[in-house]
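> My structure is below; once you've seen it, I'll send some questions.
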Amino acid sequence: MLLCDAAQVADGKLYVLGGGWSMTGPDPVPSAVALKIDVGWHEAERVHHWELFLEDADGQPVLVDTPEGARPVEVRGEFTVGRPTGVPEGSPIDVALAVNLGPLPLPPGSRFNWKLAIDGDSHPDWSLAFTTRPVAPATD
């Protein structure tokens, strides 16, 4: 997992722009999460469900205002991989995902964490923490 300004997948590869940051803002800006997932050989040929959740420093869901009211910041999707010809049996199979996000209205001077779950399973290292810069003091 990698925080970046933008990402895309082409020919199974991740293309990342402005990657590897952990501080943003204080104003809302577009961002992305680039994911490279190793799928076990025995997990190929089936649909996998993934979810990204944005949490605050206390582990609570981050809510944003929508026309339907306040909603948690979450992104979901599915992927399926086949077993590529010529790859030795038992080898992990790469899956690249790019999740591009519009500007999120996050409070300045705060800490956040993206958490990933695949098929309902999550691990402590499947997360990306970042901080929003505080607002600069006004100058006269």
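> Any idea what the relative contact order of segment 1-111 is, in percent, if you count C-alpha pairs under 8 Å spaced at least 6 apart? Intermediate values should be presented prior to the final figure.
Numbers: 205 pairs, mean separation 40.3, N = 111.
Once divided by the residue count of segment 1-111, the mean separation gives 36 percent.
> At a Förster radius of 35 Å, what calculated FRET efficiency corresponds to the Cβ-Cβ distance of T66 and D119, to the nearest 0.05?
On the way: r = 27 Å, r/R0 = 0.77.
The formula returns an efficiency of 0.80 here.
> Rounded if a/c is under 1.5, else prolate if a/b beats b/c, else oblate: with a ≥ b ≥ c from the C-alpha gyration tensor eigenvalues square-rooted, which is the chain? Before the final figure, lay out each step's value.
On the way: a/c = 2.56, a/b = 1.97, b/c = 1.30.
Verdict is prolate for the chain.
> Using the crude model of +1 on Lys and Arg Cβ and -1 on Asp and Glu Cβ, and no other charge, please compute the dipole size for segment 1-83 relative to its Cα centre, in debye to 20. Present the calculation step by step, with values, prior to reporting the outcome.
On the way: 6 positive and 14 negative charges, 81 e Å.
In debye, rounded to 20, segment 1-83 gives about 380.
> Taking the Cα centre of the chain as origin, sum charge times position over the Cβ atoms of Lys and Arg (+1) and Asp and Glu (-1), and report the length of that vector in debye to the nearest 20.
Details: 9 positive and 20 negative charges, 47 e Å.
Approximately 220 debye in magnitude.
Here, each number is a calculation from the coordinates, and none is a lab measurement. None of these values were measured; they are calculated from a predicted model. Heads up, the Cβs are rebuilt from the backbone with ideal geometry, glycines too, and the neighbour counts pull from every protein chain shown.
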